[in-house]
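J.: What follows is a structure written as structure tokens; I'll ask about it next.
The values are calculated or read from the model by the stated rules, or taken from the named source; none is laboratory data. The structure presented is a predicted model; accordingly, all values stated were derived computationally and were not measured. FYI the Cβ positions are ideal-geometry reconstructions off the backbone, even for glycines, and counts take in every protein chain you see. Heads up: the accessible areas ignore ligands, DNA and RNA and are worked out on the full protein's heavy atoms, side chains in. Shrake-Rupley method; radii C 1.70, N 1.55, O 1.52, S 1.80 Å.
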Amino acid sequence: MILPHHPPGLDMHRLLRLLPFVASALLLEVALASCAPTDSRANASGSTGADPEIVAYLDTVRAVDNHAHANSVAPGDSDADALPLDGIPFELPAPLRAENPDWLAAYKALYKYPHTDLTEEHLGALRSSMQEIAKAQGDRFPEWVLQQVGSEVVLANRIAMGPGLDSAHFKWVAFADALLLPLSTTTEAAESFDRGKLFPLETKLLQRYLTELGVAKLPPTLAAYTSTVVTPTLAAQRKGGCVAVKFEAAYLRALDFEPADSAAAARIYARYVNGGEPTSAEYKTLQDWLFRYVAREAGRLGMAVHVHSFEGFGNGYRASGADPILLESAVADPALQKTPFVIVHGGGIYASHTAAMLWKPNVYADISMMTLAYAPARLAAILRMWLAQYPEKVLFGSDAVALGPEMGWEISAWVAGRHGREALALALTEMLRHGEVTRDRAHQIARMVMRTNASALYKLGLK
């Protein structure tokens with residue numbers, strides 16, 4: 001997960017109350033005047049430089065969202081994420097700060113919010129509207145969100161699915177990092193404050209996987225661990241409707257999962273499974289081997305492998321370790337050619353490296369988080385670069401996530417959908433104007449990115 005439900009140092013409830021004081025009335029008025037119509041699927045206009053006919057066509061396409069953190073309707077929703085960033089300090093980029101007028105536009109679109117400010121008096125009415133809609137929709141609230149933001153299917157990154165997330169509209173993406181960490185992580189956790197918070201969460205998740213399998217303790221050998229824990233966990237997830245497994249590994253280590261000798265990995269596992277602290281080099285060897293094992297098993301079972309690749313978040317986060325080019329030896333492994341890999345968040349600042357990775361037959365990329373953290377014009381330039389090479393491998397994604405009491409996942413889903421469609425319209429318009437595509441091909445690519453590429457990858461049967 002990219003952001004916590006209550007980001008450290010970012011009490012969204014408090015910031016929303018302070019919004020009128022940190023954003024000038026002029027900023028809000030100008031922003032609201034330029035907002036798209038309250039139809040949540042109207043994402044761009046002629047004023048953006050996008051071709052109006054392409055914009056209109058995009059508005060008719062119901063999306064498949066490749067990456068989101070959809071909440072269930074369960075109180076507290078404790079299964080929402082494997083690595084919430086609660087307690088980890090980080091700096092928010094400007095588009096994700098409370099003064100961004102996009103949030104206000106989302107309230108107006110989703111909840112018919114009539115005001116141009118967010119004073120406490122008006123927030124009370126907004127809360128009431130949100131509660132009334134949530135109560136009226138009940139278990140159908142998540143589906144209501146999809147209708148508002150113009151999506152048909154969302155891939156939900158979660159520990160487990162929950163009430164309200166029906167299998168027709170919400171496809172499960174489970175977390176796989178814990179399977180790489182059967183040994184003590186004390187040494188790894190000491191690398192940074194961030195990792196000190198995150199590694200214990202992975203240990204807790206692995207214990208949950210063991211409990212769900214009825215395994216009382218870790219097996220004594222690596223072969224037994226993979227056969228009685230790793231493969232059965234993946235198989236159970238697949239049986240439960242999982243379409244992909246997600247690695248958030250860049251929060252824990254670099255993405256350089258190099259080839260590892262199986263005998264060496266087995267010796268390391270056996271030496272430390274009952275106690276002791278592996279060195280970082282030893283643990284890396286075991287993790288490298290297990291990553292490829294998990295990826296191979298996921299592909300065999302019919303699941304894709306999603307890998308987080310972006311420049312944030314966390315003040316101790318190492319962006320250099322999130323470069324997707326570090327995955328090159330893994331995705332090129334002959335044993336993994338039947339496993340589809342998706343570079344989630346498109347690599348962020350490494351988007352050009354993602355373009356190089358798309359040359360691999362089993363690699364895809366989505367635009368999640370870039371739809372929230374990047375301006376549409378910047379994202380449009382990235383999309384144009386990718387679409388000129390492999391339009392069949394580019395996927396829409398939102399990274400929709402709850403940001404606080406008045407900032408449910410539906411708010412960021414609306415903003416991400418609006419920006420994603422605008423960026424795609426801009427990219428296709430430039431391609432059309434430069435004679436790179438015909439209008440019919442622009443329509444086809446628009447539908448591919450927003451819908452049919454993901455449908456083909458996950459065998460959803462959507463046209």
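J.: Is the range 56-74 home to any residue that is farther than 25 Å from Leu432 by Cβ and surrounded by fewer than 18 Cβ atoms within 10 Å (Cβ to Cβ)?
T.: yes
J.: What is the number of the single condition among (1) over 26 Å from Met369 (Cβ atoms); (2) charged (D, E, K, R); (3) surrounded by 19 or more Cβ atoms within 10 Å (Cβ to Cβ) that Arg253 does not meet?
T.: Among (1) over 26 Å from Met369 (Cβ atoms); (2) charged (D, E, K, R); (3) surrounded by 19 or more Cβ atoms within 10 Å (Cβ to Cβ), Arg253 violates only (1).
J.: Looking at Gly397, Gly346, which one is touching a residue at least 24 places away in the same chain (Cβ under 8 Å) and on the phi > 0 side of the Ramachandran plot?
T.: Working: Gly397 fails: on the phi > 0 side of the Ramachandran plot.
From the options Gly397, Gly346, the qualifying one is Gly346.
J.: Additional query: Given the criterion open to solvent by less than 10 Å² (accessible area, probe 1.4 Å), over 19 Å from the mean Cα position of the chain (by Cα) and not aromatic (Phe, Trp, Tyr), identify the matching residue among Ala330, Ala322.
T.: Only one candidate passes the filter, namely Ala330.
J.: Show the residue pairs that are 6+ apart or on different chains and have beta-carbon atoms under 6 Å apart, the first residue being within the range 182-207 and within 23 Å of Ser227 (Cα to Cα) and modelled with pLDDT of 95 or more, the second being among the acidic types (Asp, Glu) and open to solvent by 60 Å² or more (accessible area, probe 1.4 Å).
T.: Ser184/Glu277
J.: Also: Name the residue, out of Glu120, Glu99, that is loosely packed, with under 14 Cβ neighbours inside 10 Å and acidic (Asp, Glu). Explain how you work it out, then say what you get.
T.: Details: Glu99 fails: loosely packed, with under 14 Cβ neighbours inside 10 Å.
Criteria check complete, one pass: Glu120.
J.: Moving on to the next point. Looking at this structure, is Arg433 within 30 Å of Gln137 (Cβ to Cβ), modelled with pLDDT of 95 or more and open to solvent by 10 Å² or more (accessible area, probe 1.4 Å)? Write out each step before concluding.
T.: On the way: within 30 Å of Gln137 (Cβ to Cβ): no; modelled with pLDDT of 95 or more: yes; open to solvent by 10 Å² or more (accessible area, probe 1.4 Å): yes.
No: the conditions fail for Arg433.
J.: Separate question: Among the numbered criteria (1) crowded, with 18+ Cβ neighbours inside 10 Å; (2) out of contact with any helix residue (DSSP H, G or I) (no Cβ under 7 Å at 6 or more places or on another chain); (3) modelled with pLDDT of 95 or more, which one does Pro84 miss?
T.: It is condition (3) that Pro84 fails.
Yes or no, residue by residue, for (1) under 25 Å from the mean Cα position of the chain (by Cα); (2) small (Gly, Ala, Ser); (3) assigned to a helix (DSSP H, G or I):
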{"position": "Asp102", "(1), (2), (3)": "yes, no, yes"}
{"position": "His115", "(1), (2), (3)": "no, no, no"}
{"position": "Lys135", "(1), (2), (3)": "no, no, yes"}
{"position": "Phe141", "(1), (2), (3)": "yes, no, yes"}
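J.: Between a residue in the range 273-291 that is free of Cβ contacts under 8 Å to residues at least 12 places away in the same chain and open to solvent by 50 Å² or more (accessible area, probe 1.4 Å) and any residue that is β-branched (Val, Ile, Thr) and not in a loop (DSSP other than H, G, I, E, B), which pairs come within a Cβ distance under 7 Å, given they are 6 or more apart or on different chains?
T.: Final answer for the pair search is none.
J.: In addition: Quickly run through the range 148-164 and pick out the residues that are within 14 Å of Ser78 (Cα to Cα) and of a type outside the set (Gly, Ala, Ser).
T.: Scanning the range 148-164 gives Asn157, Arg158, Ile159, Met161, Pro163.
J.: Looking only at the range 362-396, filter to residues that are among the hydroxyl-bearing types (Ser, Thr, Tyr) and surrounded by fewer than 24 Cβ atoms within 10 Å (Cβ to Cβ); which one of those is nearest to Val149 (Cα to Cα)?
T.: Among those residues, the one meeting the criterion is Tyr374.
J.: Could I ask something else about it? Can you tell me which residues in the range 255-267 are within 30 Å of Ala319 (Cα to Cα), of a type in the set (A, V, I, L, M, F, W, C) and either free of Cβ contacts under 8 Å to residues at least 40 places away in the same chain or out of contact with any Leu (no Cβ under 6 Å at 6 or more places or on another chain) (or both)?
T.: If the condition is that a residue be within 30 Å of Ala319 (Cα to Cα), of a type in the set (A, V, I, L, M, F, W, C) and either free of Cβ contacts under 8 Å to residues at least 40 places away in the same chain or out of contact with any Leu (no Cβ under 6 Å at 6 or more places or on another chain) (or both), then Phe257, Ala260, Ala264 are the ones that fit.
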